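Take a look at the structure below.
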């Protein structure tokens with residue numbers, strides 16, 4: 001008799017694990033997940049006795065939950081292609097909040113350039129770790145990080161955020177603005193992040 005049919009949760013877990021294990025880039029994850037799920041369902045629906053010389057495929061167990069196993073800083077390290085232990089040179093994560101820990105002075109020459117680069121790194125970091133939930137990031141989060149870095153200039157804040165437009169989709173204005181990083185913003189954040197982390 002064939003193996004028991006997997007339940008939906010097991011099928012979904014096996015598809016998620018397959019995508020994670022394969023190291024699929026973020027922009028292809030949805031497509032890869034759909035295909036992995038399709039294959040898992042197909043394998044499960046054909047749970048017939050296997051020929052003696054065939055290999056039986058079974059769902060992979062989820063990754064371990066050990067410390068630093070796929071945590072936010074590990075995900076940033078994977079994205080930047082740097083060892084995860086070096087990521088703390090630019091980011092720290094505590095209770096689902098990402099904080100920039102890098103040198104503010106190296107973010108640029110002018111306040112405007114520093115604000116732009118800090119915002120790009122923050123938005124990209126939240127995207128890479130999934131801390132943005134796939135949603136635009138509210139201005140209150142961006143503004144709090146800029147203020148914490150000592151870069152908030154309330155009289156020119158709106159003018160400063162206009163510089164983000166080539167890299168970030170900004171909807172709304174002022175405190176109601178929402179920020180979603182674009183492809184070019186991610187590329188720039190990767191370059192900036194690797195540069196701040198250094199090669200040593």
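The values are calculated or read from the model by the stated rules, or taken from the named source; none is laboratory data. Just so we're clear, the structure is a prediction, and the values are computed from it rather than from any experiment. Every residue, glycine as well, gets a Cβ built from its backbone with ideal geometry; the counts of neighbours run over all protein chains shown.
Please tell me if residue 106 is surrounded by fewer than 17 Cβ atoms within 10 Å (Cβ to Cβ) and in a helix (DSSP H, G or I). Considered against the rule, which asks whether it is surrounded by fewer than 17 Cβ atoms within 10 Å (Cβ to Cβ) and in a helix (DSSP H, G or I), residue 106 comes out as yes. Restricting region 114-131 to residues that are in contact with a helix residue (DSSP H, G or I) (Cβ under 6 Å, 6 or more places away or on another chain) and surrounded by fewer than 21 Cβ atoms within 10 Å (Cβ to Cβ) leaves a set whose member that is farthest from residue 87 (Cα to Cα) is 114. Here is the figure for region 92-103: residues that are surrounded by 17 or more Cβ atoms within 10 Å (Cβ to Cβ) and in a loop (DSSP other than H, G, I, E, B) total 1.
Report yes if residue 181 is surrounded by 16 or more Cβ atoms within 10 Å (Cβ to Cβ) and under 18 Å from the mean Cα position of the chain (by Cα), otherwise no. So residue 181 passes the test. Checking each residue in region 161-178 for being in a helix (DSSP H, G or I), on the phi < 0 side of the Ramachandran plot and either surrounded by 12 or more Cβ atoms within 10 Å (Cβ to Cβ) or modelled with pLDDT under 90 (or both) picks out 161, 162, 175. Looking at 115, 162, 170, which is the one that is farther than 16 Å from residue 72 by Cα and touching a residue at least 24 places away in the same chain (Cβ under 8 Å)? Sole residue among the options that is farther than 16 Å from residue 72 by Cα and touching a residue at least 24 places away in the same chain (Cβ under 8 Å): 115. Checking the stated criteria, residue 87 turns out to be surrounded by 16 or more Cβ atoms within 10 Å (Cβ to Cβ), touching a helix residue (DSSP H, G or I) at 6+ places or on another chain (Cβ under 7 Å), farther than 15 Å from residue 130 by Cα and at pLDDT 65 or above. The set of residues in region 71-84 being in a loop (DSSP other than H, G, I, E, B) and either surrounded by fewer than 15 Cβ atoms within 10 Å (Cβ to Cβ) or touching a helix residue (DSSP H, G or I) at 6+ places or on another chain (Cβ under 7 Å) (or both) consists of 81, 82, 83. Scanning region 138-160 for residues that are within 17 Å of the chain's Cα centre (by Cα), assigned to a loop (DSSP other than H, G, I, E, B) and crowded, with 17+ Cβ neighbours inside 10 Å turns up nothing.
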